[in-house]
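*Asks:* Mind looking over this structure? Questions follow.
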Amino acid sequence: ASQNTLYIATKTAASESGNYSFTWSNSAANTIAILVYRNASSTLLIGSVTSENSNTATAASISPSSAGGALVGVFATENSAAISTAPTGMTQRASHVANQPSLAIYDVVPNVAGASISYSLVWGGSSNETKGLLLHVPKA
């Protein structure tokens, strides 16, 4: 894995026991977040990762096939940066901004199916490499 890479992993489980362990083969700084969405379908709609040289991370548009569930925005920047402007209408679920790389995750319940949706987050500070991704977690 190289620096400035965004990974998304999913797991469908009826119950969990034990711990998770994550390791990286490089010495670059890494950040991780684990979120749980209950009563969710295992069929996700995952948009494409956008990468920009800007302090604005924009997640490419996706069109959820159903209303409800959760529309999740994942935003990252290679530096340690505070969030200057959050994605409008979304709720923050996780963030790590104290050390590099910075990561923020937001979600919202999409109220219509088929509409093209995109969100942006503005990081504070100077321009950095930023990444954005939207995914739809439909209800089971």
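*Asks:* Among S102, S27, S48, whose mean-square fluctuation peaks in a Gaussian network model of the chain (Cα, cutoff 10 Å)?
*Replies:* Result: S27 has the largest fluctuation of those listed.
*Asks:* I've got another one for you. Considering the options A28, M90, S17, tell which one lies farthest towards the positive end of the dipole of the chain, charges being +1 on Lys and Arg and -1 on Asp and Glu at the Cβ, about the Cα centre.
*Replies:* S17
*Asks:* Additional query: Pull up all non-local amide H partners of A67: gap of 5 or more, or a different chain, and H-to-H distance under 5 Å with H placed in the peptide plane.
*Replies:* A113
*Asks:* For the chain, what is the accessible area per residue in Å² when the probe is 1.4 Å?
*Replies:* Details: 8040 Å² over 140 residues.
Roughly 57 Å² per residue, with all protein chains present.
*Asks:* Which whole-number percentage describes the relative contact order of region 1-89, with Cα contacts under 8 Å and a sequence gap of 6 or more? Show your work: numbers first, answer last.
*Replies:* Details: 35 pairs, mean separation 19.1, N = 89.
RCO, region 1-89: 21 percent.
*Asks:* Using a probe of 1.4 angstrom, how much of the accessible area of region 20-140 is carbon and sulfur, in percent?
*Replies:* Working: 3040 of 6280 Å².
Exposed carbon and sulfur together represent 48 percent of the surface.
*Asks:* While we're looking at this one, here's another question. 5 Å is the cut-off here: which amide hydrogens, built 1.01 Å from N in the peptide plane, fall below it relative to G124, excluding neighbours closer than 5 in sequence?
*Replies:* A82, I83, S84
The values are calculated or read from the model by the stated rules, or taken from the named source; none is laboratory data. A quick note: this is a predicted structure, and the numbers were derived from the prediction, not measured. When we count neighbours, we look across all protein chains shown, and the Cβ atoms used for this are built from the backbone with ideal geometry, even at glycine. Please note that ligands, DNA and RNA were not included when accessible areas were found on the heavy atoms of the full protein model with its side chains. Shrake-Rupley method; radii C 1.70, N 1.55, O 1.52, S 1.80 Å.
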